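To start, the structure itself, in structure tokens.
The values are calculated or read from the model by the stated rules, or taken from the named source; none is laboratory data. The structure presented is a predicted model; accordingly, all values stated were derived computationally and were not measured. All Cβ positions, even for glycine, are placed from backbone atoms using ideal geometry, and neighbour counts span all protein chains on display.
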Amino acid sequence: MPSEMQPQRHLVLQERKVETTTLLLQPADPPPPEVCTLRNSDSSVWTISSQCVSSAEIQRTHDHRFRPIDEAAQDLREELQKSLQPFQEKLKLFEEVQVKFDQAGHMKVQAQHTETQIKEQFKKLHQFLEEEEEARMAALREEEEQKRRMMEEKMEAVSREIAALSHTVRATEEELRAEDVSFLHNYKAAVERLQRPCWRIHSCPQEL
């Protein structure tokens, strides 16, 4: 074989070797996306790439690692709990705000109830004062009426006394002006007229 043909033959053999190696390394049926070909069929273990995320997101590695299910579940629960925590805090904050609004609403209702009670109490007090005022005014009017009747009765009595006294005074004055014989004849009657019991029954004018 000529020496100039040997390098070409060697190059062809290397290319065929590379093609054969490539075919051996290439899988017959490529797996569907996002599905790990190394997932273990044993339900007691879990591969990192079995999640619906890239292996780089789980413990920052591309290697397939087998772990017990309880450990994998615990780690994932912790990750999920960390993601859930901000939502829980926000929910707690909104619940606290809602409680404050509820308290404010309750305070408003309570204030309205208190206002209604105050108005009702003042209404009852006003009614009581009106009734008390009317009762006292009625008692005052009755007292005034009684005093007026008593005064009228006393005035009538005084008028009668004046009339009787005027008659007695005039009669006695006439007797005093009479002739001696007539005076002596009527003296006893004049004295008896001045001594009638009726003059001692009534009160003096200062006591009326």
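Below are the figures for this structure:
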| read-out | value |
| --- | --- |
| Subset of the range 117-171 (residues that are of a type in the set (S, T, N, Q) and touching a residue at least 24 places away in the same chain (Cβ under 8 Å)) | 168 |
| Flag for residue 119 being under 30 Å from residue 194 (Cβ atoms) and assigned by TED's automatic domain parsing to the domain that holds residue 194 | no |
| Boolean, residue 141 is out of contact with any strand residue (DSSP E or B) (no Cβ under 9 Å at 6 or more places or on another chain) and assigned to a loop (DSSP other than H, G, I, E, B) | no |
